[in-house]
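Here is the structure we will look at, set down as C-alpha cells.
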Amino acid sequence: MKVKIDSSSLELVQGDITQQETEAIANAANSRLAGGGGVDGAIHRAGGPAIMEECRKIGGCPTGHAVLTTGGNLKAKYVIHAVGPIYRGGNKGEAELLKSAYLSCLKIASERGIKSIAFPSISTGVYGYPIDEASRIALTTCWDYLMEHQEIELIRFVLFGEANYRAYEKTLKALEQERR
Ligand code: ADP
C-alpha cells in the first residue's frame, strides 16, 4: 500500500528490511547499541562487523533518539539506529518516546540529504508495544513529517510477516479516511 503526500510517498511493504535498497534503513536498537535479537540481530548479521565497530565508537544512544552509521555490506548506504521505548503499560511516556525515535531518524535523514528511508516497526517486538497503537504513532509521525519535508521522497515501512503488515495497513487506511 502506498499513499502520496505531496510529491513524496509513504509506503508499506511486507518483507525483510535487510534487503531494502533505500538509501538508509532504520534499526530498532537498544540504548547500548550492543546488538541483540530481532531486527537488530538481522541487520548486524547482514551488514557485517563494520556497523558494530561504529556503534562501539559511538557508545550508546538514549531512548527516543537515533544515531547514524555506515550500512556496511547492506544495499542501504546508512543504518540509522533508533532506540524505541520498552512498553510498560502506556503511562510512562512511551508514546512521546516512540514518536521521538521516528522523528530523530527523519531529522538525521534530512540533515544528511538522505532521500529514502525504510523503517521496521520499532518497539513492537521484544519491547512489547501494542502494534495498533505503535503503528498509529509511526504513521502519523511520518505523514506529518512528509507534509513539511518534501526533501525526503520515500518513507517505506518494511513489516515482518503478514500480521504486522495487516496491522499497519489498517492504520494507514484509517488515517487516509481521516485526512483526505
Ligand atoms: P524492539 O526491541 O524495538 O521491539 P524487535 O526487533 O524485537 O525490536 O522487533 C521490532 C519489529 O521488527 C517486530 O515487528 C519484528 O517482527 C520486526 N522484525 C524482525 N526482523 C525483521 C527484519 N529482518 N525486517 C523487518 N522487520 C523485522
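The values are calculated or read from the model by the stated rules, or taken from the named source; none is laboratory data. Keep in mind that this is a model prediction, so the values were computed, not measured. Backbone-built Cβ (ideal geometry, glycine too); neighbour counts: all protein chains shown. Just so you know, the surface numbers come from the protein's heavy atoms only, side chains and all, with ligands and any DNA or RNA stripped out. Shrake-Rupley method; radii C 1.70, N 1.55, O 1.52, S 1.80 Å.
Would you please name the residue that is least open to solvent (accessible area, probe 1.4 Å), looking only at residues in segment 1-44 that are without any contact (Cβ under 8 Å) to a residue 12 or more places away in the chain and either farther than 20 Å from Leu154 by Cβ or within 12 Å of the ligand (Cβ to nearest atom) (or both)? The selected residue is Gly41. Would you check if Asp144 is under 21 Å from Lys4 (Cβ atoms) and among the acidic types (Asp, Glu)? Against the criterion (under 21 Å from Lys4 (Cβ atoms) and among the acidic types (Asp, Glu)), Asp144 qualifies. Contact annotation: residue pairs with Cβ atoms under 8 Å, 6 or more positions apart or on different chains, pairing a residue in segment 122-146 that is in contact (Cβ under 8 Å) with a residue 24 or more places away in the chain with a partner that is away from the ligand (no atom under 15 Å from the Cβ) and hydroxyl-bearing (Ser, Thr, Tyr), are Leu146/Ser8.
When Thr63 is tested against (1) touching a Pro at 6+ places or on another chain (Cβ under 9 Å); (2) buried (at least 21 other Cβ atoms within 10 Å of the Cβ); (3) of a type in the set (Ser, Thr, Tyr), exactly one condition is not met: (2).
Against the list (1) open to solvent by 30 Å² or more (accessible area, probe 1.4 Å); (2) under 22 Å from His149 (Cβ atoms), the condition Glu53 fails is (2). Filtering segment 45-57 to residues that are in a helix (DSSP H, G or I) and within 19 Å of Glu21 (Cβ to Cβ) leaves Arg45, Ala46, Gly47, Ala50, Ile51. Of the helices (runs of 4 or more DSSP H) lying entirely inside segment 90-180, those containing at least 2 residues that are open to solvent by 10 Å² or more (accessible area, probe 1.4 Å), away from the ligand (no atom under 11 Å from the Cβ) and under 16 Å from Glu11 (Cβ atoms) span 131-148, 162-179.
Mind checking whether some residue in segment 53-65 is among the small types (Gly, Ala, Ser), within 11 Å of the chain's Cα centre (by Cα) and within 18 Å of Ala138 (Cα to Cα)? No: segment 53-65 contains no residue that is among the small types (Gly, Ala, Ser), within 11 Å of the chain's Cα centre (by Cα) and within 18 Å of Ala138 (Cα to Cα).
Quick grid of which residues meet (1) assigned to a strand (DSSP E or B); (2) in contact with a helix residue (DSSP H, G or I) (Cβ under 9 Å, 6 or more places away or on another chain):
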residue: Lys4; (1), (2): yes, no
residue: Ser9; (1), (2): yes, yes
residue: Leu12; (1), (2): yes, yes
residue: Thr18; (1), (2): no, yes
residue: Thr22; (1), (2): no, no
residue: Ile25; (1), (2): yes, yes
residue: Ala28; (1), (2): yes, yes
residue: Leu33; (1), (2): no, yes
residue: Gly41; (1), (2): no, no
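Within segment 147-173, residues that are touching a residue at least 24 places away in the same chain (Cβ under 8 Å) sit with their Cβ atoms under 6 Å from residues that are among the acidic types (Asp, Glu), at 6+ positions apart or across chains, in these pairs: Gln150/Asp6; Arg156/Glu11.
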